[in-house]
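Quick notes on the structure that follows.
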Amino acid sequence: MSSCTVAAYRDTFVLFLNFIQAYLGRSPDSTKLIDITPELILAFLDHLEQVRHNSVRSRNARLAALRAFLKYAEHRDVSSLLIIERALGVPMKRFEQPMLGYLSREEMLLVIGNPGSTWVSQRDHLLLGMLYNTGARVSEIVGVHVADVVLDAAACVYCMARDASCARCLCGVP
């Protein structure tokens with residue numbers, strides 16, 4: 001797992017263990033797997049939303065961390081399998097995703113603007129134009145090297161994602 005995922009999971013368990021201590025009145029070291037019931041998890045998730053004012057996305061991320069632990073634990077403690085399976089049944093909370101807007105062609109042309117006379121201005125204009133005209137990812141454009149630019153009769157730019165999982169030719173890019 002990435003270091004960010006590990007940190008997020010760690011933070012979840014710090015919050016969860018502190019919640020258990022306050023909610024159940026017992027120390028985290030005396031808590032057993034059998035104590036992690038769906039009711040306890042739901043109370044924790046409600047606490048995150050109501051007391052800590054976490055968003056639904058943050059709540060769901062905390063639940064994902066708890067689920068990852070429970071899936072690990074179900075292979076280590078067969079005697080708690082039934083309670084773990086019940087706890088794994090706590091659902092993610094649904095939420096409305098905001099509608100994403102977009103810029104019209106005219107608005108995008110205003111953003112790109114006309115290049116100034118400096119090298120930096122011309123570079124930025126070219127990069128924004130390539131991003132807009134090709135739909136390439138920033139990581140793909142940043143990874144372009146001089147050897148990737150072909151200025152023959154059919155000019156094109158080859159760009160590749162940083163992880164090299166995809167490569168494409170951006171033909172017709174000036």
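Dipole orientation for the chain: of the candidates Val142, Ile41, Ser27, Ser27 has the Cα lying most toward the positive pole (charges on Cβ; Lys, Arg +1; Asp, Glu -1).
When Thr31, Thr118, Thr12 are compared by accessible area of protein heavy atoms, the largest-first order is Thr118, Thr31, Thr12, using a 1.4 Å probe. Residues with beta-carbon under 12 Å from that of Ala87, excluding Ala87: net charge, scoring Lys, Arg +1 and Asp, Glu -1? With Lys, Arg at +1 and Asp, Glu at -1, the neighbours total -1.
Scanning the chain for trypsin sites (Lys or Arg not before Pro) that sit in a DSSP loop and have at most 15 other Cβ atoms within 10 Å, the longest stretch containing none of them is 95-136. Looking at [x] 68; [y] 81; [z] 57, which value of percent of Cα pairs over 20 Å apart comes from a calculation on the structure shown? Answer by label: [x]. Once the chain from Phe13 to Cys156 is taken as fully extended at 0.36 nm per residue, the excess over their C-alpha distance is 46.4 nm.
From helices alone, the chain scores -16500 deg cm²/dmol at 222 nm; the rule is -39500 (n - 2.57) for each run of n ≥ 4 DSSP H residues, then divide by the residue total.
Which FRET efficiency value, to the nearest 0.05, is calculated for Thr118 and Val56 with the Förster distance at 41 angstrom and r the Cβ-Cβ distance? For Thr118 and Val56, the calculated efficiency is 0.35.
Taking a ≥ b ≥ c as the square roots of the Cα gyration tensor eigenvalues, the range 82-122 comes out oblate, since a/c reaches at least 1.5 and a/b does not exceed b/c. Quick check: from the Cα gyration tensor, does the range 109-151 come out rounded (a/c under 1.5), prolate or oblate? Oblate.
The values are calculated or read from the model by the stated rules, or taken from the named source; none is laboratory data. Since this is a predicted model, take the numbers as computed values, not measurements. Neighbour counts are summed over all protein chains in view; Cβ atoms, including those assigned to glycine, are modelled from backbone coordinates with ideal geometry. SASA here: full protein model, heavy atoms, side chains in, ligands and nucleic acids out. Shrake-Rupley method; radii C 1.70, N 1.55, O 1.52, S 1.80 Å.
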